[in-house]
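Following: one structure in structure tokens, then a few remarks.
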Amino acid sequence: MRDGFALRAEDTQTVPVTLKCVGEVRAGQLWEEVLRPGEAIQIMTGAPVPQGANAVVMVEYTEGPVQGDVRVLREVRIGENVAAKGSERLTGQTVLEPGKRISAFELAVLASVGKYQVTVYRAPSVSILATGDEIVDVAEQPGPAQIRNSNSFSLYRQVKKIGGLPILLKTAGDEQEELKTRIRSGLEADVLLVSGGVSMGKYDLVESVFRQLDIQVHFESISMRPGKPTVFGTWKDRWIFGLPGNPVSTFVAFELFVRPVLQALLGLQAETLPLVRGELQSEIVEKSGRTAFLPAKVTSRAGKLEVLPVKWKGSADIFAAVEANGLVIVPLEVARLQAGEAVEALVFDELDYAMEGRF
């Protein structure tokens, strides 16, 4: 494991000691002879330790070799600087469990054991459909009653980060046949995300179209803020989500409900929500009567987590959300939280947070 000299640890019980240097072994070479008492061999990192040797003294603790002798200046323990066969994994042991994402270390492990072909889960395709007569493309100049499409792009990023294959569909207006055409096209993917058109308004037509297409709706409302009008349905082996139209609501609903489904389709092990506990920095008054997930900035100061609610103007305020790195959770039964109270916050790793250290 180090550049130095392979030797018998027993020969270093009294130091300094002079040993006979009988040769050199480099990485990729094999020393065929057995090392005898009183002998040492110069060895490089990565080389196999010769038979008879049971330790390696680092080169920093030696002098020489001079005229075939090396002087060892410190005692060495048996096994020091030697990686024994099987010390990392034994033959027959599992090196990677199913349900792990293959990153740099996993790739290195696969390469180390010669697995140049492995079976993996297919990345799920995810259709993303924004709806609403007021929505225009990001490259367009919106009129006085219009807004640019931002939900498709935030959802694209969220899907991409998990490992799904996002597919952006053309925006659909609030008209039955157009919606039906777009949604039917979206059902070609493994998962369909529809943002907007799932509330109680006269032109919120998404659920009506779901029924026309025989999509089975399992729930259509969640007792939370933001994100109450979140719809979940299935069609054959497809997963369908109707997400609220307001951008912050869309983001929150995705993280709480869509992310776990995509993780399951990717074969990943179930993950717990990234919850942290910290001290609330300012008062929160919550009158919605629902569990609230409010934008907040989580920081670490002197080893303690602090949770500061971000001032926002509601679930359409994505500009305020940019200042947050998480969501402070206000439980259903709580109407007021005082500064100094301990609170839980949901932290999103894709948002940049100023931490003194990871928690």
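The values are calculated or read from the model by the stated rules, or taken from the named source; none is laboratory data. For clarity, every value in this text was computed on a predicted model and none was experimentally measured. FYI the Cβ positions are ideal-geometry reconstructions off the backbone, even for glycines, and counts take in every protein chain you see.
Across segment 287-344, which residue is farthest from I147 (Cα to Cα) among those that are of a type in the set (F, W, Y) and under 27 Å from the mean Cα position of the chain (by Cα)?
F293
If we scan segment 83-97, do we find a residue that is in a loop (DSSP other than H, G, I, E, B) and either touching a strand residue (DSSP E or B) at 6+ places or on another chain (Cβ under 8 Å) or buried (at least 16 other Cβ atoms within 10 Å of the Cβ) (or both)? Steps first, please.
Within segment 83-97, the first condition is being in a loop (DSSP other than H, G, I, E, B), and the residues that meet it are 83-97.
Narrowing further to those that are either touching a strand residue (DSSP E or B) at 6+ places or on another chain (Cβ under 8 Å) or buried (at least 16 other Cβ atoms within 10 Å of the Cβ) (or both): none.
For segment 83-97, residues in a loop (DSSP other than H, G, I, E, B) and either touching a strand residue (DSSP E or B) at 6+ places or on another chain (Cβ under 8 Å) or buried (at least 16 other Cβ atoms within 10 Å of the Cβ) (or both): absent.
Just to be sure I understand, how many residues within segment 165-186 are farther than 15 Å from S152 by Cβ and in a helix (DSSP H, G or I)?
Qualifying residue count, segment 165-186: 7.
Quick check on my filter: what residues within segment 218-249 are within 26 Å of R122 (Cβ to Cβ) and either without any contact (Cβ under 8 Å) to a residue 12 or more places away in the chain or not in a strand (DSSP E or B) (or both)?
Result: K236, D237.
Is there a residue in segment 110-128 that is outside the structural domain of G186 (by TED's automatic domain parsing), assigned to a helix (DSSP H, G or I), exposed (fewer than 10 other Cβ atoms within 10 Å of the Cβ) and among the hydrophobic types (A, V, I, L, M, F, W, C)?
no
Which one is nearest to K100 (Cα to Cα) among residues in segment 139-188 that are hydroxyl-bearing (S, T, Y) and touching a strand residue (DSSP E or B) at 6+ places or on another chain (Cβ under 6 Å)?
That would be Y156.
Could you please find all residues in segment 292-339 being out of contact with any helix residue (DSSP H, G or I) (no Cβ under 7 Å at 6 or more places or on another chain), part of a loop (DSSP other than H, G, I, E, B) and closer than 15 Å to V252 by Cβ?
Answer for segment 292-339, where residues must be out of contact with any helix residue (DSSP H, G or I) (no Cβ under 7 Å at 6 or more places or on another chain), part of a loop (DSSP other than H, G, I, E, B) and closer than 15 Å to V252 by Cβ: G314, V322, A324, N325.
Among what's in segment 16-55 and is over 20 Å from A84 (Cβ atoms) and touching a helix residue (DSSP H, G or I) at 6+ places or on another chain (Cβ under 9 Å), pick the residue that is surrounded by the fewest Cβ atoms within 10 Å (Cβ to Cβ).
P37
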